[in-house]
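K.L.:
Mind having a look at this structure? Questions to follow.
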Amino acid sequence: MPGHFITFEGGEGAGKSTQIARLKVYLESLGKPVLVTREPGGSPGAEKIRALLLSGEVKDLGPRGEAMLFAAARADHIDTTIKPALERGAWVLCDRYADSTRVYQGEAGVDTDYLKLLETAAVAGVRPELTVLIDIPADIGLKRVARRSQTDDSGGPDRFEGEALNVHERRRRLFIDLAREEAFRFAVVDGTKDPEYVATAIRKAVSDRFASELNIADDIHAATRKGTR
Ligand SMILES: Nc1ncnc2c1ncn2[C@@H]1O[C@H](COP(=O)(O)OP(=O)(O)OP(=O)(O)O)[C@@H](O)[C@H]1O
Ligand SMILES: [Mg+2]
């Protein structure tokens, strides 16, 4: 497909939404068409499932049942939003994707092979070329989220935010393990640094991964030629 697919992962309050907005501005400044989307959700059907999942209304299904709903939402999101955008040539920036299911439902005890089956069925071959993991200690991220909910109307913590600190810490560890196992597609950035620093680290990861698509190699060569003249 002519477009490019970048996903953002990390715990609550790591800075995913903040950094996606910044990367969008950067890519658009290079003349690239960008689509920002999120999971669970990102399409009308999947947003309905998001509301069920995050309200805790379907918590009684248990982690396996919830994992199925995440997969159903993902399949719809891909079919109706992500794939068409990639076919149009857009750069798709997705706030959470299949790695979040591996981590959250994996932490909740769902069997890894079962999660793999669901993932394979849901993603239908649409996998990120780059995954940015914004890593942050759970307590720092949760404090940011608590501060944010005092200043906006997002309400209290959702079904997944509201869990014990040790659960959030285990998720952090699982994200890091995943990034090590699939290092070929991951860039891990330190989310405790200031937003400008994090944005620069992410731009560098994107430039490294997509040098030819962004014509960055040409620019560097041009700069080198200039410097030696
Ligand atoms: N590098 C940073 N340093 C300090 N504060 C930050 C940083 N990045 C984001 N914030 C602030 O922390 C809060 C959480 O950031 P943001 O909403 O981008 O995180 P998120 O990963 O999208 O969170 P969620 O998991 O809840 O969607 C916001 O109020 C944001 O302004
Ligand atoms: Mg967010």
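Derivation of every value follows stated rules applied to the coordinates shown; laboratory data play no part. Model, not experiment: these values are computed from the prediction. Cβ placement follows ideal geometry from the backbone for every residue including glycine, while neighbour counts extend to all protein chains displayed.
K.L.:
Based on what the data block shows, is D99 among the acidic types (D, E), part of a helix (DSSP H, G or I) and either within 16 Å of ligand 2 (Cβ to nearest atom) or touching an Asp or Glu at 6+ places or on another chain (Cβ under 8 Å) (or both)? Even if it seems obvious, please write down each step before you answer.
P.N.:
Numbers: among the acidic types (D, E): yes; part of a helix (DSSP H, G or I): yes; either within 16 Å of ligand 2 (Cβ to nearest atom) or touching an Asp or Glu at 6+ places or on another chain (Cβ under 8 Å) (or both): yes.
Spelling it out, D99 is indeed among the acidic types (D, E), part of a helix (DSSP H, G or I) and either within 16 Å of ligand 2 (Cβ to nearest atom) or touching an Asp or Glu at 6+ places or on another chain (Cβ under 8 Å) (or both).
K.L.:
Name the residues in the stretch 23-48 that are touching a Lys or Arg at 6+ places or on another chain (Cβ under 9 Å) and aliphatic (A, V, I, L, M), would you?
P.N.:
L23, V34, L35, V36, A46 - these are the residues of the stretch 23-48 that are touching a Lys or Arg at 6+ places or on another chain (Cβ under 9 Å) and aliphatic (A, V, I, L, M).
K.L.:
When the stretch 180-207 is examined, which residues are found to be assigned to a helix (DSSP H, G or I) and in contact (Cβ under 8 Å) with a residue 12 or more places away in the chain?
P.N.:
Passing the criteria: P195, V198, A199, A201, I202, R203, A205, V206.
K.L.:
Being surrounded by fewer than 16 Cβ atoms within 10 Å (Cβ to Cβ), among the small types (G, A, S) and in contact (Cβ under 8 Å) with a residue 12 or more places away in the chain is the filter; apply it to the stretch 1-44 and report the residue that is nearest to ligand 2 (Cβ to nearest atom).
P.N.:
Looking at residues that are surrounded by fewer than 16 Cβ atoms within 10 Å (Cβ to Cβ), among the small types (G, A, S) and in contact (Cβ under 8 Å) with a residue 12 or more places away in the chain, I get S17.
K.L.:
Report yes if L115 is of a type in the set (A, V, I, L, M, F, W, C), in a helix (DSSP H, G or I) and surrounded by fewer than 20 Cβ atoms within 10 Å (Cβ to Cβ), otherwise no.
P.N.:
Answer is no for this residue.
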